[in-house]
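What follows is a single structure, written as structure tokens, with notes after it.
The values are calculated or read from the model by the stated rules, or taken from the named source; none is laboratory data. Just so it is clear, the model here is predicted, and its values are computed rather than measured. Every residue, glycine as well, gets a Cβ built from its backbone with ideal geometry; the counts of neighbours run over all protein chains shown. Protein only, heavy atoms only, side chains kept; ligands, DNA and RNA dropped before computing areas. Shrake-Rupley method; radii C 1.70, N 1.55, O 1.52, S 1.80 Å.
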Amino acid sequence: MIIDKLIDLLKWAIIHIIIIMRMRRKNNLEERIRASIDYLLAYEGQFRDVNLFIKDKDYINYPLVFNNSNRIELDLGCGLGGFIVEKAKQNRDVNFIGVEMFSNIIISAIDKARSENLSNLKFINCRIECLEKYIMDDSISTIYLNFSNPLPNKTDEKQRLTSKRFLDIYKKILKPNGKIIQKTDNLDFFEFSCDSFKKNGWDIANINYDLENNKEEGNILTEHEIKYMLDGRKIYKLEAINVK
């Protein structure tokens, strides 16, 4: 148990180093982050103990932020923002929050949202483990997991975004019968996710083992999805329902 915790701390320390290195390569990143309060709802900042960090809640006031009471959807690991910006453009009656841990990446997503003048899209710069600090229980309608890192090594299993420890977070913040929509190009990760959802009390619907050849109306292509399709890879998709 102690060794596992030390390994986790080491992994997060490595990730933190990577974050710092990437931030140094981005010109005026801190200034740009501070100037993005119109779109950035929360900024985790420096690395810290997650359990201690999330104890002091700082819940987002949705009606105040969006000036309406429309439903809320999250894009976890929103990357450069191509998917979530297009989603927000096509669904003006839905409020969206993009979550991304890397500051130098989320700033590009914010720039995209600002260029489209989107009032129904905001961002949180934090790790998934910190969501409970900002997101109230039973407040989210849909979570998108688009092409999350499959982390294929067995030792990284609990770091996968569909492992039990993350599903427990999603269960808290999702409304009853809220759903997760997952897409990936990695079959092993997809099958792991299906198994994990079932083991942890989720209902699975709309499994698609070849999204390119079994197209779904309204599917928005992500940057990764376009690349993978051009490479001839199959895209796998499912919906998992939060049964409470």
Selection from the stretch 82-105 of residues that are part of a helix (DSSP H, G or I) and open to solvent by 40 Å² or more (accessible area, probe 1.4 Å): Glu86, Lys89, Gln90
Condition broken by Asp49, with the remaining ones in (1) touching a residue at least 40 places away in the same chain (Cβ under 8 Å); (2) surrounded by fewer than 17 Cβ atoms within 10 Å (Cβ to Cβ) satisfied: (1)
Output for the stretch 89-122, where each listed residue is β-branched (Val, Ile, Thr) and more than 16 Å from Ile143 (Cα to Cα): Ile105, Ile106, Ile107, Ile110
Filter result for Lys179 (part of a strand (DSSP E or B), on the phi < 0 side of the Ramachandran plot, in contact with a Ser or Thr (Cβ under 6 Å, 6 or more places away or on another chain) and among the basic types (Lys, Arg)): yes
When residues of the stretch 130-184 are limited to those that are open to solvent by 20 Å² or more (accessible area, probe 1.4 Å) and of a type in the set (Ser, Thr, Tyr), the one modelled with the highest pLDDT: Ser141
Some residue of the stretch 58-81 being within 27 Å of Val243 (Cα to Cα), open to solvent by less than 20 Å² (accessible area, probe 1.4 Å), part of a loop (DSSP other than H, G, I, E, B) and modelled with pLDDT under 95: no
Qualifying residue in the stretch 102-122 (condition: in contact with an Asp or Glu (Cβ under 9 Å, 6 or more places away or on another chain) and of a type in the set (Gly, Ala, Ser)): yes
In the stretch 197-230, residue surrounded by the most Cβ atoms within 10 Å (Cβ to Cβ) [restricted to those that are among the charged types (D, E, K, R) and either in contact (Cβ under 8 Å) with a residue 60 or more places away in the chain or under 26 Å from Lys154 (Cα atoms) (or both)]: Glu225
Residue satisfying condition, being open to solvent by 90 Å² or more (accessible area, probe 1.4 Å) and modelled with pLDDT under 50, within set Ile2, Ile37, Ile17: Ile17
Answer residue from the stretch 197-223, given it is aliphatic (A, V, I, L, M) and assigned to a loop (DSSP other than H, G, I, E, B) and is modelled with the lowest pLDDT among those: Leu221
Unmet criterion (only one of (1) open to solvent by less than 80 Å² (accessible area, probe 1.4 Å); (2) touching a helix residue (DSSP H, G or I) at 6+ places or on another chain (Cβ under 9 Å); (3) over 20 Å from Phe83 (Cβ atoms); (4) not in a loop (DSSP other than H, G, I, E, B)) for Cys194: (2)
Verdict on Lys122 being touching a Phe, Trp or Tyr at 6+ places or on another chain (Cβ under 8 Å), open to solvent by less than 40 Å² (accessible area, probe 1.4 Å) and more than 18 Å from Ser36 (Cα to Cα): no
